[in-house]
Amino acid sequence: MKIVCECGNILDDENLETTIPLTVFPDNDYYDLLESNPKTVEELVDRMPVAPMWECKVCGRLYYFNTGKLDVYKLEKEIFDDE
Ligand SMILES: [Zn+2]
């Protein structure tokens, strides 16, 4: 699948020149899975509550494949932590 980003870049999870594919999942679902004691790594991976997210390499927008829809996020402001 391909998506044309708002900036014109063509996103495609098989083209790492234009796209950074990410994987996200809710912490709570992940901890529930760990507590269910999967017996093997394969079982753990198969049951991971993951959703893909793509980052545009040109403008940094994030495309989150939420259940049944595609959410788009754009950075509003960079916040630097001067510790
Ligand atoms: Zn973009």
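Can you confirm whether region 23-38 contains a residue that is touching a residue at least 40 places away in the same chain (Cβ under 8 Å), under 13 Å from the mean Cα position of the chain (by Cα) and assigned to a strand (DSSP E or B)? Quick ask: steps written out before the conclusion?
Applying the first criterion (touching a residue at least 40 places away in the same chain (Cβ under 8 Å)) to region 23-38 yields 24.
Filter once more, so that each one left must be under 13 Å from the mean Cα position of the chain (by Cα): 24.
Filter once more, so that each one left must be assigned to a strand (DSSP E or B): 24.
Yes.
Scanning region 28-62 for residues that are in contact with a strand residue (DSSP E or B) (Cβ under 7 Å, 6 or more places away or on another chain) and away from the ligand (no atom under 16 Å from the Cβ) turns up Val50, Ala51, Pro52. Listed conditions (1) within 13 Å of the ligand (Cβ to nearest atom); (2) not in a strand (DSSP E or B) are all met by Leu11, apart from (2). List the number of the failed condition for Pro49; all other conditions in (1) modelled with pLDDT under 90; (2) assigned to a helix (DSSP H, G or I) hold. In the conditions (1) modelled with pLDDT under 90; (2) assigned to a helix (DSSP H, G or I), Pro49 misses (2) alone.
Which one of the conditions (1) within 26 Å of Val72 (Cα to Cα); (2) outside any loop (DSSP other than H, G, I, E, B) does Glu42 fail to meet, given that it meets all the rest? Only one criterion is unmet by Glu42, namely (1). Considering the conditions (1) under 17 Å from Asp12 (Cβ atoms); (2) touching a Pro at 6+ places or on another chain (Cβ under 7 Å), Phe25 is excluded by exactly one of them, (1). Selection of region 18-27 for residues being within 13 Å of the ligand (Cβ to nearest atom) and farther than 20 Å from Lys69 by Cα yields only Thr18.
Of all residues in region 52-69, those satisfying the criterion of being closer than 20 Å to Asn15 by Cβ and assigned to a strand (DSSP E or B) are Pro52, Met53, Trp54, Glu55, Cys56, Leu62, Tyr63, Tyr64, Phe65.
The values are calculated or read from the model by the stated rules, or taken from the named source; none is laboratory data. Everything quoted here is computed from the prediction, not taken from an experiment. Glycine gets a Cβ as well: all are built from the backbone with ideal geometry, and neighbour counts include every protein chain shown.
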